[in-house]
Structures are given as structure tokens and as C-alpha cells.
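First comes the structure, then the notes that go with it.
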Amino acid sequence: MGDRVHPANHDEVLRFLSEGKLSTADALRLLRQTRTAGVAAKEKAAPPPVNPEALRQTLAQLNLLVGLNEVKGLVREVLAFVEIQNRRRQEGLNTEPTVLHMIFKGNPGTGKTTVARILGKILHEMALLPKGHLVEVERADLVGEYIGHTALKTREQVRKALGGILFIDEAYSLARGGEKDFGKEAIDTLVKAMEDHKDQFILILAGYRLEMEYFLQTNPGLRSRFPIHIEFIDYTLDELLQIAELFIAERQYKLSPGAKAKLLRILQTRISRSEANFGNARLVRNILEKAIRQQAVRLVNVSRPTREELMLITAQDLEGRGTQ
Amino acid sequence: MKRCIIIGKPNAGKTLFALSFAAYLGANPLHLMFRHPQNNTTSWKTFHREEAIQELTSSKPHHTRNLQQLVVPLPARKGAKRIQLIDTSGLVEGIPEQKDIRRAMAQTLAAVRDAHLILHIIDASRVKAAGAVEALGEVDYQVAQFGQLRDGYLILANKIDLPEAKEGLDIITREFAGHQIVPISALYQQGFKVVKQFVQRRI
């Protein structure tokens with residue numbers, strides 16, 4: 001009986017009951033299963049429903065990234081929080097405002113931009129960001145040359161980022177140069193934009209860990225506005241090799257055992273020579289891109305290379321001529 | 001103030017329990033507020049316990065057709081607290097033909113939805129009475145499922161003073177395994193101590 005009517009909320013259940021369209025038992029069951037009153041109207045105004053398939057794919061993309069376990073955990077935490085707050089809102093319960101501005105701390109090449117880009121997509125698919133695009137800027141894009149210029153430039157970048165993520169790389173550089181520097185003005189403009197365009201964009205400040213911490217210490221007002229801090233730890237040698245293999249496999253190449261060994265040696269020396277800020281997926285990528293070009297040079301004079309040869313990167317392709 | 005609602009089938013003894021329990025907790029005279037489902041109005045009346053029982057209860061089903069609320073004191077660890085005791089009209093299986101009863105049903109369920117504590121009264125003496133309005137039915141099972149979502153949900157197996165109720169209590173215990181069940185007699189105030197403790201612990 002109760003299956004033929006589909007009340008949208010509690011008030012409708014009760015109305016159907018008094019109109020004789022529902023039995024008492026069905027009404028009780030529906031009270032348990034449907035949402036509280038007034039929600040139906042609010043829900044209609046809510047953003048379009050999320051696309052679970054696209055979301056699943058984007059999450060898979062995130063999980064495919066090598067390492068970054070802490071980051072993935074935190075992203076899951078944020079997503080769970082957002083999801084539960086949404087459901088609480090639908091049930092008419094008090095909700096915490098979802099402030100998702102973030103600080104990314106870590107060395108270059110540890111995945112900050114990549115994660116930010118994927119995060120934008122995920123939040124878009126969860127209907128939290130209308131567009132979910134990433135606007136990547138640095139100091140020079142924000143700070144102007146004369147008084148008033150900075151606010152103008154910064155506002156322009158914020159405008160571009162509305163509906164998505166504004167990602168400021170090496171954000172600590174906004175604080176250098178002391179009181180008279182226009183960087184200060186950029187920060188003030190950003191803080192104001194965060195108030196004016198609440199929920200319309202997400203601001204991510206990224207940079208080296210120590211510099212970012214110093215930056216937040218000298219701007220105590222900022223810290224409280226960024227509830228989410230994610231630390232990107234340097235990749236281990238193992239993870240770097242995994243990244244290399246993934247990179248190579250994606251492009252349908254293969255590393256010969258000799259090439260693998262050589263790559264390992266190269267990375268080891270780089271780490272031991274370190275370069276405090278090694279740990280760098282970008283370096284791996286650069287080495288491999290160079291190797292792919294090198295392989296092409298090697299094969300271009302071979303009259304009929306086999307399929308296998310076209311795929312194989314050998315030791316001699318790595319790091320130019322004969323560093324064997 | 002927490003709202004404690006008393007629900008159950010017609011003639012399960014809800015009104016008698018409400019009045020008797022209120023008196024047991026020390027409310028006398030009883031100030032009752034009646035909420036009429038027909039025109040959404042309220043009225044007040046003050047009774048002595050005996051009068052109230054005389055006027056508001058009956059041995060026939062469907063005597064209560066509106067919500068009857070009364071505020072009763074409840075001694076708590078620190079000073080006295082108060083709860084709102086809400087007596088309701090009996091829940092009928094299926095779709096009642098009379099419009100008044102349907103409206104009363106809707107009013108009862110609206111109050112159930114907003115209640116903190118649910119006291120679910122089942123007539124233990126008539127559990128198996130085939131075709132009788134008091135008999136156990138789908139509504140009772142749905143109430144039990146609904147009750148789990150509240151702060152407190154207690155089944156009161158009423159009329160335990162009657163000899164037939166023994167078997168009925170066994171059936172209730174079996175059918176509602178996992179729920180807290182207290183055998184009571186609204187007429188003789190049996191089992192009220194346990195009910196009082198249950199309510200006290202949840203306010």
C-alpha cells in the first residue's frame with residue numbers, strides 16, 4: 001500500500017495519513033525513512049547532484065599517485081567531513097561551515113600541484129566547487145609595481161579562480177621584503193577576498209615547509225583561516241623508482257635492467273649529494289623525458305627497429321653519452 | 001523540557017497509565033492540556049486524579065481522540081526536573097474509515113516524531129486476540145523500529161494483573177527481543193518504579 005505513494009517529507013506523510021492514503025504502519029515506516037519537513041524545498045535549490053562515476057574515477061586517479069599516503073588519508077578525511085556535513089544539512093542538523101582553504105608544505109616536485117589539481121576535480125564532482133579548475137600563480141602574478149597595483153592584480157587572479165582553486169606557489173615570498181613590500185598588500189587583499197567570496201573559491205598556499213611555517217608565524221591571522229595543513233614528504237628512493245616505472249609504462253616504454261640500475265645510481269647520488277630539497281618526482285620525469293629523446297636519436301639510424309626496440313630504454317639512453 | 005510520549009494500540013491503557021503515572025510522580029491535581037486535531041485548538045482542564053480517570057478513561061477503545069499533555073515533576077539527582085507526558089489516541093492498523101480517527105492518527109505520529117522518549121504500551125492480556133484492536137500488529141513492530149531512533153524507547157506490557165497476561169508477556173518478550181520490556185499494571189501502579197527510573201536516567 002505504502003509503495004504507491006511517495007511522500008517527499010514528514011509533513012506529506014502525515015497529510016497522506018489523514019487523507020487515508022496511508023496506513024498507520026506505513027506512515028510510521030515512512031517517517032523513519034523520509035527526511036524531515038522543509039528539506040524538499042531546500043534540496044531543490046541545492047547544486048546539481050554529484051556524479052558518482054566521475055568522482056570514483058578521480059579518486060582512483062588520486063590513489064594511483066605513488067606514495068603520498070598521508071596526503072591521501074587527509075583528502076579522504078576532508079571528503080568524509082564534507083559528505084557528512086552535507087547529509088547533516090539535509091536532515092536539518094547544525095553544520096560546521098566547510099572551510100577548505102589549505103596550506104601545502106613540501107619540497108618542489110613532491111606532488112603539491114598535482115594533488116591540488118585532482119582536489120579541484122574531486123570537489124567539483126562533489127558539487128562543492130562550481131568549476132573546480134586550478135589557477136596557479138606566484139608572487140609575480142599578484143604583486144604589482146606601484147601603490148594600488150597589487151590589489152588590482154590580486155583581485156584579478158581571485159576573479160579568475162572563482163569557482164575553483166587559487167594555488168599560490170611559494171606563497172612565503174609574499175612576506176619577504178618587510179613592511180614596505182607590496183607582498184603585504186597582496187596578503188591583505190587575499191584575506192579580504194576570502195571573506196567576500198566565502199565558499200566560492202579555495203585558496204591553497206604552497207611552499208617549502210620551513211619557509212611556510214615561518215610565513216605563518218609572522219602572519220598569525222592567516223593560520224586560523226587555513227584549517228587544513230598538508231605536509232608533502234620527500235619521496236623515498238623506492239617511490240621515485242615506482243614513479244619512474246609508472247611514467248615509462250604510461251608512455252608504453254620499458255626500462256632495460258641496465259637502465260633501471262643506472263637510474264637507481266643517478267638518484268642515489270643525487271640524494272646523497274643532497275640538495276636539501278631533493279626527493280623530487282619532477283627530476284625523475286626530466287631524466288626520463290631526456291632518455292626518451294635520447295632513445296629516439298639512437299634509433300633513428302637503425303633501418304628497421306623492432307617493436308621491442310621501439311619500447312626499450314637502455315642504460316646508454318640515460319643521462320647522455322656513456323656516463324656508464 | 002523533554003517530551004515523553006505514550007503510544008500504543010487502542011484500549012491498551014495509555015490514558016490510565018498517563019494519569020496514574022503522573023499521580024505516582026506526585027502531580028496532583030492534574031493540569032491537562034488537550035490538543036484537538038480537528039481544528040488545531042487547545043484547551044485546559046484541571047482534575048483530581050479520580051475525576052480524570054473517570055472522565056478520560058473507558059473500557060472501550062477509541063476513547064481518546066486527541067493529544068492530552070501534562071507536565072509532571074520528576075525528582076532528579078539535583079533538584080526536581082519536569083517532563084511533558086503526552087497521552088495519545090490509539091494507533092489503528094490499516095486505514096481507518098473515520099476521518100476523525102485518521103486525523104488523530106496523524107496528530108499522534110507528528111507528536112511521536114518530536115518526542116524524546118517513547119513509552120510503547122501493549123495490552124499483554126490481548127496480544128493474540130485475533131481481530132481485536134488491541135492485538136499485536138504491524139503498527140507495534142513499526143513503533144519498535146521507530147523507537148530505536150529516540151533517546152529512549154521502552155515497551156510497557158500492560159494489564160499484567162490479569163491472568164491471561166502471563167502468556168502475552170512471553171510472546172511480547174519473544175517478538176520484541178532486544179528491546180527493554182517492563183511488565184506493568186496501570187490500574188495498580190505495578191512496575192512504575194522501573195518506568196520512573198528509566199525516564200529519570202534519560203532526562
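The values are calculated or read from the model by the stated rules, or taken from the named source; none is laboratory data. Small disclaimer: the values here were computed from a predicted structure and weren't measured. Cβ placement follows ideal geometry from the backbone for every residue including glycine, while neighbour counts extend to all protein chains displayed.
What number of residues within the stretch A:184-223 satisfy the criterion of being at pLDDT below 85 and in a loop (DSSP other than H, G, I, E, B)? Going through the stretch A:184-223 one residue at a time, the tally reaches 3. Annotation: of all residues in the stretch B:124-155 being in a helix (DSSP H, G or I) and within 20 Å of B:His63 (Cα to Cα), the one that is farthest from the other protein chains (Cβ to nearest Cβ) is B:Ser125. Pairs linking a residue in the stretch B:102-125 that is farther than 20 Å from B:Gly13 by Cα to a residue that is among the basic types (Lys, Arg), with Cβ atoms under 7 Å and 6 or more positions apart or on different chains, are B:Asp114/B:Arg3; B:His116/B:Lys2; B:His116/B:Arg3; B:His116/B:Arg150. Summed over the stretch B:80-123, residues that are surrounded by fewer than 20 Cβ atoms within 10 Å (Cβ to Cβ) and away from chain A (no Cβ under 14 Å) total 5. Could you list, in sequence order, all residues of the stretch A:82-101 that are in contact (Cβ under 8 Å) with a residue 40 or more places away in the chain, hydrophobic (A, V, I, L, M, F, W, C) and part of a loop (DSSP other than H, G, I, E, B)? Residues satisfying the conditions are A:Val99, A:Leu100.
Return the only residue of A:Leu129, A:Leu166, A:Leu134, A:Leu79 being among the hydrophobic types (A, V, I, L, M, F, W, C), in contact (Cβ under 8 Å) with a residue 40 or more places away in the chain and in contact with a strand residue (DSSP E or B) (Cβ under 9 Å, 6 or more places away or on another chain). Just a single option satisfies the conditions, and that option is A:Leu129. A:Thr150 meets each of the listed conditions (1) surrounded by fewer than 20 Cβ atoms within 10 Å (Cβ to Cβ); (2) in contact (Cβ under 8 Å) with a residue 12 or more places away in the chain; (3) hydroxyl-bearing (Ser, Thr, Tyr) apart from (1).
In the set A:Glu96, A:Glu53, only one residue is modelled with pLDDT under 80, out of contact with any Cys (no Cβ under 7 Å at 6 or more places or on another chain) and of a type in the set (Asp, Glu); that residue is A:Glu96.
Against the condition out of contact with any strand residue (DSSP E or B) (no Cβ under 9 Å at 6 or more places or on another chain), within 18 Å of B:Lys2 (Cβ to Cβ) and hydrophobic (A, V, I, L, M, F, W, C), how does B:Leu117 come out, does it pass?
Criteria not met by B:Leu117.
Picking from residues in the stretch B:168-200 that are part of a helix (DSSP H, G or I) and free of Cβ contacts under 8 Å to residues at least 24 places away in the same chain, the one that is farthest from B:Lys128 (Cα to Cα) is B:Gln197.
The lone criterion from (1) surrounded by fewer than 20 Cβ atoms within 10 Å (Cβ to Cβ); (2) closer than 18 Å to B:Gly13 by Cβ left unmet by B:Glu175 is number (2).
Evaluating B:Gln189 against the criteria (1) within 25 Å of B:Glu50 (Cα to Cα); (2) at pLDDT below 90 leaves one unmet condition, (2).
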